[in-house]
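Structure record follows, encoded as structure tokens.
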Amino acid sequence: MKQLPLTDEWFHGAVSLERRVEGIKPWRIPYTDYELYPPEGIEGKAEICAGVRLRLRTDSTEVAVSFAPLADAATLDCVAGGELCQTLSLPVGATEALFSGLQGGIKDLEIWLPQNIGMTVTGLRIGVEAVGVPLPDTRPRWITYGSSITQCVAASSPSRTWPAIAAATCGFNLTNLGFSGNCHMEPMIGRLIRDLPADFISLCAGVNIYGAGTLSPRMFKPLLIGLLETIRDKHRETPLLVISPIYGTVRETELNSLGFTLPMMREAIRETVELLRERGDRQLYYQDGLNWLGPKDEAFLTDGLHPGAEGYELLGQRFRNLHEFAFYSITKRAFLFD
């Protein structure tokens, strides 16, 4: 096999790319601002490769991605022409993923990196006689922010997280800002989303705040307003969907350490969105998470909170119809409207 030049053009879905001696490390924050996302880069979650993929157009029947030794077991996917064709499960310490037996002829490939660990990519190889070039992603840009339920560690593979499925279904270029255990509406996250290019933004807020008791009912609305208004500094007309927590079993009735239940949070989120819409933000929308995954879907939860692999498939399939929106493409830009 022959080595392709390892350049930034192969990488998609990352916020920043760190050039290291051994290769390129994708980040889901600006890595030069690491210290501004305490603790330790959003508790170590910002280096995880959820939603990050390599895109190439090639006629090769085999593609190899090499990387620094894996710190944990991980899974990589090869998607060809929008269809999952191979999944590789790799052990701790692995340094290469080889996708072989691919269909001949020119095809568009996406190699999805793991949604459970970080990775430094050290090389990209194809067949000796093959050609391979970076594949741009001109689809409308979608940023989605959330918790472990958006990072989707328990999905069957990285291209089968709900954001990946929804992006494929809706024709979006995905940036996944799902940070397991760390969706707390921090001000720096608002600044990050504000400064990224986006044609559509979605936020799934609340469940980590309930679990960790990081915001009281007194501060929840003010922080949500601040997050949304910060994003609106540079995304005045970008469709922005705010989704309240999905069904959470005992969290529906049990008060957390600060006196919150999930129904109380859903009401606070709904009221906040209505307030800002009444002030003129007509591209801001609310969706009750129970309409996405509700009590009747409890069997899809593995621990009373997190969906399993089948649950993430369901969330991805349902996302397009989550609200009474229509997806309408004009000059390759997606808009949502009432």
Open item on the list: Suppose each label sits 7 Å from its Cα in the direction of the beta carbon; what would the residue 225-residue 95 distance come out to in nanometres?
Closed with: 5.6 nm
Task: Simple spin-label estimate for residue 7 and residue 128 in nanometres, 7 Å along Cα-Cβ - done: 2.5 nm
Open item on the list: If you average the C-alpha positions of the stretch 21-79 and of the stretch 192-265 separately, how far apart do those two centres end up, in angstrom?
Closed with: 26 Å
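Suppose a student asked you for the relative contact order of the chain, using Cα pairs under 8 Å spaced at least 6 residues apart; what percent would you report?
Computed value for the chain: 16 percent relative contact order.
Which values, in whole Å and largest first, are the semi-axes of the equivalent ellipsoid of the chain obtained as the square root of 5 times each eigenvalue of the Cα gyration tensor?
Working: eigenvalues 235, 86, 74 Å².
Largest first, the chain gives 34, 21, 19 Å.
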Task: Per-pair calculated FRET efficiency, R0 = 41 Å: residue 22 and residue 299 via Cβ, rounded to 0.05 - done: 0.40
Task: Reach of residue 2 by Cα under 30 Å, taken over lysines that are not fewer than 8 positions away in the same chain - done: 25, 107
TODO: Tabulate in residue order the Karplus-calculated ³J(HN,Hα) for the stretch 242-250, using 6.51 cos²θ - 1.76 cosθ + 1.60 with θ = phi - 60°, rounded to whole Hz; enter x for Gly and Pro.
DONE: 10, 10, 7, x, 6, 4, x, 6, 5
Open item on the list: Once R0 is set to 22 Å, what does the formula 1/(1 + (r/R0)^6) return for the Cβ-Cβ distance between residue 216 and residue 36, expressed as a FRET efficiency to the nearest 0.05?
Closed with: 0.35
Task: lysines with Cα under 23 Å of residue 221, excluding same-chain neighbours fewer than 8 positions away - done: 234
Open item on the list: Given R₀ = 56 Å, what would the calculated FRET efficiency be for residue 73 paired with residue 275, taking r from the Cβ atoms and rounding to 0.05?
Closed with: 0.75
- [ ] Would you tally the net charge around residue 84, using a Cβ to Cβ cut-off of less than 10 Å, leaving residue 84 out, and scoring K and R as +1, D and E as -1?
- [x] -2
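Throughout, read-outs are computed from the coordinates displayed, never taken from laboratory work. Because the structure is a prediction, the values reported are computed rather than measured. We place every Cβ from the backbone using ideal geometry, glycine too, and count neighbours over all the protein chains shown.
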